[in-house]
1. Under a GNM of the chain (C-alpha, springs under 10 Å), which listed residue has the highest mean-square fluctuation: Phe61, Phe118, Phe277?
2. Counting only DSSP beta bridges with both residues in the chain, tell me the antiparallel percent, nearest 5.
3. At a threshold of 8 angstrom on Cα-Cα distance, excluding pairs fewer than six apart, so keeping six or more, what relative contact order does the chain reach in percent?
4. Shape verdict for the stretch 114-183, please, from the Cα gyration tensor: rounded (a/c under 1.5), prolate (a/b greater than b/c) or oblate.
5. What does the C-alpha gyration tensor say about the overall shape of the stretch 155-319? Classify as rounded when a/c is under 1.5, otherwise prolate if a/b is larger than b/c, or oblate.
6. Take the chain, compute every pairwise Cα distance, and split them into 20 Å bins from 0; I just need the percent in each bin.
7. So for the stretch 4-131, averaging the separation of alpha carbon pairs under 8 Å that are six or more residues apart and normalising by length, what relative contact order in percent results?
8. Would you work out the relative contact order for the stretch 37-111, in percent, from Cα pairs under 8 angstrom that are 6 or more residues apart?
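What follows is calculated from the coordinates using simple rules that are stated; it is not laboratory data. The structure presented is a predicted model; accordingly, all values stated were derived computationally and were not measured. As a convention, Cβ positions derive from the backbone with ideal geometry for all residues, glycine included, and neighbour counts pool all protein chains shown.
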Amino acid sequence: MKRIKVAIVGASGYTGMELLRLLLAHPHAELVAVTSRQEVGKPLGRVFPRFSGIPGAELAFSEPDPDGIAASGAEVAFLALPHGVAAEIARALLERGLRVIDLSADFRLADAAVYQEFYDHPHPAPDLLKEAVYGLPEIRAEAIRGARLVASPGCYPTSILLPLLPLLRAGLIDPATIVAHSMSGVSGAGRKADLSLLFCECNESVRAYGVPKHRHLSEIEQELSLAAGEKVTISFIPHLIPVTAGIVTTTTAMVRPGVVVEAVGEALEGAYEGCPFVRLLGRGGCADTKNVTRTNFIDIGWQHDPRTGRVLLFSAEDNLGKGAGGQAVQSFNLMCGISETAGLQNP
């Protein structure tokens, strides 16, 4: 089978590094362009010695120039750029005939006003919002297959949405009672110099941040509202934990009166039967980050608390894998008509 030529725009960050790891070894992808303003002219293997000796690691970083990326022959571009920056390059690449998978927040929201509310500046390409597909493969596989522009979800939203969406669609829980607590590894903050992210500041420390209105709330509430058929507003409390990668989320909600508790497990099983990267742990199963780091799996377990009438949902994923690079490659596979698991099955 012909290999699909791909580019990674913004390949020197943690998410870019994960994309490099996956795409250099992908059986159906050929990496033809990688960009980074800071590393222009340097081969991948020099910037990331872990890739030295791997075919393709001799490719040099270039400027994020749309004409240059198009001239490389790339058919699909992954954008691992900050929000507000990705949209301009996305538009330019779309105009040059490339398909785009954007890992920033620029195309995750359908409403430009909501984007401005949460990201504090006007949306840079509001005309493209209607075209963008929110890239949760387990929920929108068919739309992703035909998409020109995929907005890959955030890491926290993935860990919250996948357990909740089947229950909301089935009317099993009261949306007004949803509370989500998440804990994430430090790599989720990006590869940057920041006092609060230094080892001595994070080690042996756990703290909440981004409360009460973390930016990811915007896409979480958008997708929950679509599933529930009504406006949903939740409490979301993210925490930073002293590990490199991984997210564990515990979400709780009141079960609606008259609902048989076993229906929770049945809804999850019905929604994710045949989904290769969702592992259901069943009732009483508590997800653990050690089982999902460096994979594209999300593990989901659940329990019912009869004392409070609440259902407890437990999920774990790698914030750089299923929460970012791995999920983007999963969408790439769907877009290109190849096996959904291609390049993503290493344990």
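1. Phe118
2. 45
3. Across the chain, relative contact order equals 17 percent.
4. Judged from the Cα gyration tensor, the stretch 114-183 comes out oblate (a/c at least 1.5, b/c at or above a/b).
5. prolate
6. 31, 59, 10, 0
7. The normalised contact order for the stretch 4-131 reaches 22 percent.
8. With pairs under 8 Å counted, the relative contact order is 25 percent.
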